[in-house]
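Step one of this worksheet: look at the structure below.
The values are calculated or read from the model by the stated rules, or taken from the named source; none is laboratory data. Bear in mind the structure is a predicted one, so any value in this text is a computation, not a measurement. Note: ideal-geometry Cβ built from the backbone for every residue, glycine included; neighbour counts use all protein chains shown. For the accessible areas, the whole protein counts, side chains as well, though only heavy atoms, and no ligand, DNA or RNA atoms are used. Shrake-Rupley method; radii C 1.70, N 1.55, O 1.52, S 1.80 Å.
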Amino acid sequence: MEQKLFTKNDNGFICANCGFEVKPLGYTSRNHCPKCLCSLHVDINPGDRACECHGVMHPVKVVTDPKKGYIILHKCSKCGEIHRNKAAHEAKVQPDDINYLIELTAREI
Ligand SMILES: [Zn+2]
Ligand SMILES: [Zn+2]
């Protein structure tokens, strides 16, 4: 049986990478940890939970978009797929680590 490292629902989740207890954002569902910025490969399209990979997705780079702001590129450690996710550094509850986001903008992949 597959070990369950991660539980996720509307009330937040426990980060599968660092164990941080992530609280819900309130206005939109959060899909990554504000501390280590890791996500989990559970969606094919955002929020659909239709993917059975369940690999940990690490932030590999952050790009800036003039309209959307910081976009985190997440790469799945299991299947290598890359997803783009909007950063939540302006959230009132547990905002994404802005210093880490900036550091990742300088990262080459
Ligand atoms: Zn984490
Ligand atoms: Zn994957």
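Among the conditions (1) within 16 Å of ligand 2 (Cβ to nearest atom); (2) modelled with pLDDT of 95 or more, the only one that Leu40 does not satisfy is (2). Restricting to the stretch 80-94, name every residue that is out of contact with any Asp or Glu (no Cβ under 7 Å at 6 or more places or on another chain) and either more than 13 Å from Asp43 (Cβ to Cβ) or aliphatic (A, V, I, L, M) (or both). Of everything in the stretch 80-94, those that are out of contact with any Asp or Glu (no Cβ under 7 Å at 6 or more places or on another chain) and either more than 13 Å from Asp43 (Cβ to Cβ) or aliphatic (A, V, I, L, M) (or both) turn out to be Gly80, Ile82, Lys86, Glu90, Ala91, Lys92, Val93, Gln94. Considering every residue within the stretch 60-79, establish whether at least one is within 15 Å of ligand 1 (Cβ to nearest atom), in contact with an Asp or Glu (Cβ under 7 Å, 6 or more places away or on another chain) and open to solvent by 30 Å² or more (accessible area, probe 1.4 Å). No: the stretch 60-79 contains no residue that is within 15 Å of ligand 1 (Cβ to nearest atom), in contact with an Asp or Glu (Cβ under 7 Å, 6 or more places away or on another chain) and open to solvent by 30 Å² or more (accessible area, probe 1.4 Å). Of the residues making up the stretch 79-90, one or more are farther than 22 Å from Gly12 by Cβ and of a type in the set (Gly, Ala, Ser). Restricted to the stretch 15-35, and to residues there that are touching a Pro at 6+ places or on another chain (Cβ under 8 Å) and of a type outside the set (Lys, Arg), the residue that is farthest from ligand 1 (Cβ to nearest atom) is Asn31. Of everything listed in (1) exposed (fewer than 14 other Cβ atoms within 10 Å of the Cβ); (2) part of a loop (DSSP other than H, G, I, E, B); (3) touching a residue at least 12 places away in the same chain (Cβ under 8 Å); (4) within 16 Å of ligand 2 (Cβ to nearest atom), the single unmet condition for His54 is (1).
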